[in-house]
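The block underneath contains the structure these notes are about, expressed in structure tokens.
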Amino acid sequence: MSTSPIKVKILYRDVINFFYNQLSTILLIVCFSTLINIILEYIFTLYQENPLTTILNNIDLKKTTTLFSVINSIQQLPIEQQRIIFKTSILTTFSYLISNVILISSLLIMIRQFSNYNPISAFQAIILSIPKLSNLFVLIFFTTLIIQIGFLLAILPGIILTITFCLAPIILINDNIGIVQSMYISVKIALANIRLITPAILIWFILKVIILISIKITILLSLPSLYKSFIFIGINNIILSLLLIYLYRLYILICSNIHYK
């Protein structure tokens, strides 16, 4: 299972060149999926009598330094406010999953078509991705659930699970196979090529943290929440696009060396 012929520097250069050459198409897909996320979040929170931000202001953030302290603080709130927090968290996660599925499926279709010398527009990529949305949603839902359980235990298990399942959406879209088989093949390939995948995943995590911190300490804090959400989600989606391009190109190179079944 040697992947020594794959040169990481050339692969990174290929990713940057692809991203630059298809920047307009990628940005259109990113903006579309980001808008979907914002619209869904707005709809889900539109008719709340007691906004989540008002409830969270009742929590002493100085004392909530760990996950367990946050949970304990929430448990001390009235039952009705706990229900609002739970409902809002579920709806926010649901809107995030839907927009992520649209982004990932559209981008992977676009990358595959361009890699096969069959360029398409952002609109065509979104339309062609529609038949894949249901299976991809189920896949991302289960892999996200497993990864979040890993992060609840500790950071390292969460990162390892992210690495092992990161190729599953690519395999599902590119090879047109089942959900379970895509997850199995992803684990098999990722563990065999962990040195090629881990740096990209870690860079993705670090950039997400840097962006989150940067937005909190800059003038963007004074912007309306919808604008802040659009900027934050949009930048995260751009970074995710770069990661998907890298993982897709890496997967194709690996498969050209060894065929996994």
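The values are calculated or read from the model by the stated rules, or taken from the named source; none is laboratory data. These numbers were taken from a predicted model, which means no experiment stands behind them. So basically every Cβ, Gly included, is an ideal-geometry build from the backbone, and we count neighbours across all protein chains shown. We work out accessible area using only protein heavy atoms, side chains counted, and drop any ligands, DNA or RNA first. Shrake-Rupley method; radii C 1.70, N 1.55, O 1.52, S 1.80 Å.
For the reader, a short list of remarks on this structure follows.
- The C-beta contact set for region 130-155 (first residue closer than 18 Å to Asp175 by Cα, second residue open to solvent by 50 Å² or more (accessible area, probe 1.4 Å), distance under 9 angstrom, 6+ apart or interchain) comprises Lys132/Asn176.
- Count of region 116-140 residues which are of a type outside the set (Lys, Arg) and surrounded by 15 or more Cβ atoms within 10 Å (Cβ to Cβ): 13
- Among the residues of region 6-46, those that are open to solvent by 90 Å² or more (accessible area, probe 1.4 Å) and either part of a loop (DSSP other than H, G, I, E, B) or modelled with pLDDT of 90 or more (or both) comprise Lys7, Ile16, Tyr20, Asn21, Leu28.
- Matching residues in region 87-101 - criterion: being within 28 Å of Tyr20 (Cα to Cα), surrounded by fewer than 22 Cβ atoms within 10 Å (Cβ to Cβ) and among the aliphatic types (A, V, I, L, M): Leu97, Ile98
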